[in-house]
1. Hey, can you tell me all the residues within the stretch 18-69 that are touching a helix residue (DSSP H, G or I) at 6+ places or on another chain (Cβ under 8 Å), at positive phi and more than 11 Å from ligand 1 (Cβ to nearest atom)?
2. Need the failing condition index for LEU221 against (1) in a loop (DSSP other than H, G, I, E, B); (2) more than 13 Å from ligand 3 (Cβ to nearest atom); (3) farther than 22 Å from ARG103 by Cβ, just the number.
3. Just to verify a result, which residue in the stretch 54-80, among those that are surrounded by 17 or more Cβ atoms within 10 Å (Cβ to Cβ) and more than 16 Å from ligand 3 (Cβ to nearest atom), is farthest from PRO13 (Cα to Cα)?
4. Is it fair to say ARG103 is more than 23 Å from SER52 (Cβ to Cβ), surrounded by 12 or more Cβ atoms within 10 Å (Cβ to Cβ) and under 19 Å from the mean Cα position of the chain (by Cα)?
5. Looking at TRP198 and the list (1) buried (at least 19 other Cβ atoms within 10 Å of the Cβ); (2) farther than 16 Å from GLY22 by Cβ; (3) not acidic (Asp, Glu), which single condition is not satisfied?
6. Does any residue in the stretch 209-224 that is closer than 20 Å to ARG191 by Cβ and β-branched (Val, Ile, Thr) come within less than 6 Å, Cβ to Cβ, of a residue that is within 16 Å of ligand 2 (Cβ to nearest atom) and not in a helix (DSSP H, G or I) six or more places away or on a different chain, and which pairs are these?
7. Of the conditions (1) in contact (Cβ under 8 Å) with a residue 24 or more places away in the chain; (2) more than 16 Å from ligand 2 (Cβ to nearest atom), LEU111 fails just one. Which one is it?
8. Looking only at the stretch 46-69, which residues are within 16 Å of ligand 2 (Cβ to nearest atom) and part of a helix (DSSP H, G or I)?
Amino acid sequence: MTDEVVTLPERIPHHVAIIMDGNGRWAKARGLPRIAGHRAGVENLRRILRASSEFGIKILTIYAFSTENWGRPEAEVRGLMNILETVIDRELDQLHANGVQLRHIGEIEGLSPMLQRKVRKAVDLTRNNAQLILNIAFNYGGRQEIIRAIQQIVRDGIPADEIDDTLIDYYLYTAGQPDPDLVVRTAGEMRLSNFLLWQASYAEYYSTPVYWPDFDREELLKAIASFTQRERRFGLVPQP
Ligand code: IPE
Ligand code: IPE
Ligand code: MG
């Protein structure tokens, strides 16, 4: 726990989704290999998880590996797979003890059988935890998710006029969860990169130049403070 004195913003987003970007640039700026940036990114995740719990965020969704990231050099892809495995091996007990409910979003079948087993075990072990839900988007792509949902809807023989928002929600990886209120992207880019295309339709968007390994508790507070000042209109007129 830090000893900084802060007054938390009065309105805390229930569901925060983070595009953890900039690990490679963080490493490059230090003359380190990209994978060192990914390791630093994992260290940072621990910090942000702690802060999220402290602030009362109930759902945290993190973009860790996209369906497009397979196109990176083989060694980097392998490194990222190893990192997920190591995180589960080393952190699962602590996450469980802290009441974190782990969920995976993305195409799990694309991972190695060993990694699939570990992910499933972690999800299963923590399924009744209620302090915070951590959705790990790994081998996740928003388009892939929507295609998969449509395929399943067709397979289930759902009549066309029964297809609505609620039904689509039910077929997504995030079924049963509220949409993100705030999407944060680190490292300055102004794009979604195939993240939560359906779910983020009315999320507030926050982009900061800070690289992910440097995005600390104070930076998260800045993002929340920015969110607090927004007026969410959802297509309506301003509230009187
Ligand atoms: C984000 O950092 C992590 C992943 C996409 C896996 P990057 O690796 O994209 O870092 P930059 O964007 O090259 O700096
Ligand atoms: C988005 O970052 C994916 C993750 C953070 C896992 P990328 O670095 O892959 O996205 P682009 O290439 O800048 O769009
Ligand atoms: Mg990037």
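1. Hits for the stretch 18-69: nothing passes.
2. Failing condition for LEU221: (1).
3. Ranking the candidates gives THR61 first.
4. The answer is no for ARG103.
5. Result: TRP198 passes all but (1).
6. VAL210/THR186
7. Just one mismatch for LEU111, condition (2).
8. ILE48, ASN69
Taken together, the values in this text are just the output of simple stated rules run on the coordinates, not laboratory data. Every value quoted in this text rests on a predicted model; they were computed, and no experiment measured them. Positions of Cβ are backbone-derived with ideal geometry, glycine not excepted, and every protein chain shown enters the neighbour counts.
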